[in-house]
Amino acid sequence: MQLRELISAREIAARVAALGNEIAARLPQGTVTVVGVLRGAFIFMADLVRAIPRDVRCDFLGVRSYGPATETSGVVQITSDLSLPIAGQHVLLVEDIVDTGLTLRYLLDVLQARAPASLHVCTLLNKRSRRRIEVPLDFVGFDIPDHFVVGYGLDAAQKHRGLAYVAVLDQ
């Protein structure tokens, strides 16, 4: 397996800074509850909350839909639920990557049932060509082609998460 850089650390940093300003400008006033989807979004979320010039609360949802495979199973399982209530809160759901849309659709339904004041989605990566179900994306870092990617929090069987850039994993 070989890694081929797709998005550099410099490009990511610039885009995350811009996303922070876009989010602050477009979300309703007040505190934003940022919910990161574990495990892949934790690095992106850490950088993103520092880039949002507003008060934020942070929480996480653990989900599993891939297991050890590189293709989604289509079955989403919550492995760790929120620790904070989101009723009446302005919520920003932070994903590492949206491809089929199945996981995101499930999460949006679960969170919407908890009555947030507003619910928005920010993803680092959007793999539009793999979409099986339409989902709303309010903030997108990068649109990418249909490659299996790792780095900046994304992994392949728990490897390559710590890369400062996003790479294509050529097998």
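Sort out which residues of region 120-142 are closer than 26 Å to N21 by Cα and touching a helix residue (DSSP H, G or I) at 6+ places or on another chain (Cβ under 6 Å), and write them in order of number.
L124, V135, F139, G141
Scan region 128-154 residue by residue and report those that are charged (D, E, K, R) and within 20 Å of L93 (Cβ to Cβ).
Matches in region 128-154: R128, R130, R131, R132, E134, D138, D143.
Do we have L108 as within 18 Å of G30 (Cα to Cα), out of contact with any Phe, Trp or Tyr (no Cβ under 8 Å at 6 or more places or on another chain), not in a loop (DSSP other than H, G, I, E, B) and not polar (S, T, N, Q) here?
For L108, the condition - within 18 Å of G30 (Cα to Cα), out of contact with any Phe, Trp or Tyr (no Cβ under 8 Å at 6 or more places or on another chain), not in a loop (DSSP other than H, G, I, E, B) and not polar (S, T, N, Q) - is not met.
Return the pairs, sorted by first residue and then second, in which the second residue is assigned to a loop (DSSP other than H, G, I, E, B), the first residue lies in region 25-53 and is over 12 Å from V94 (Cβ atoms), the beta carbons are less than 6 Å apart, and the residues are 6+ apart or on different chains.
Listed by first residue and then by second, the contacts come to T31/D55.
Tally up the residues in region 148-169 that are part of a loop (DSSP other than H, G, I, E, B) and exposed (fewer than 14 other Cβ atoms within 10 Å of the Cβ), please.
Of the residues in region 148-169, 4 are part of a loop (DSSP other than H, G, I, E, B) and exposed (fewer than 14 other Cβ atoms within 10 Å of the Cβ).
Mind checking which residues of region 127-143 are touching a residue at least 24 places away in the same chain (Cβ under 8 Å) and surrounded by 14 or more Cβ atoms within 10 Å (Cβ to Cβ)?
Result: K127, R130, R131, V135, L137, D138, F139, G141, F142.
Quick one: in region 91-103, which of the residues that are of a type outside the set (D, E, K, R) and in a strand (DSSP E or B) is surrounded by the most Cβ atoms within 10 Å (Cβ to Cβ)?
V94
How about region 2-40: which of its residues are touching a Lys or Arg at 6+ places or on another chain (Cβ under 9 Å) and either farther than 30 Å from A87 by Cα or among the small types (G, A, S) (or both)?
The answer is I7, G20, A24, G30, G40.
Pairs please, first residue from region 104-126 and open to solvent by less than 10 Å² (accessible area, probe 1.4 Å), second anywhere and of a type in the set (F, W, Y), Cβ atoms under 6 Å, 6+ apart in sequence or on different chains.
Going by the 6 Å Cβ cut-off, the qualifying pairs are C122/F139; L124/F44; L125/F142.
The values are calculated or read from the model by the stated rules, or taken from the named source; none is laboratory data. Treat the numbers as computed from the prediction; the structure is a model and nothing was measured. Note: ideal-geometry Cβ built from the backbone for every residue, glycine included; neighbour counts use all protein chains shown. What goes into the accessible areas is simple: the full protein's heavy atoms, side chains included, and nothing from ligands, DNA or RNA. Shrake-Rupley method; radii C 1.70, N 1.55, O 1.52, S 1.80 Å.
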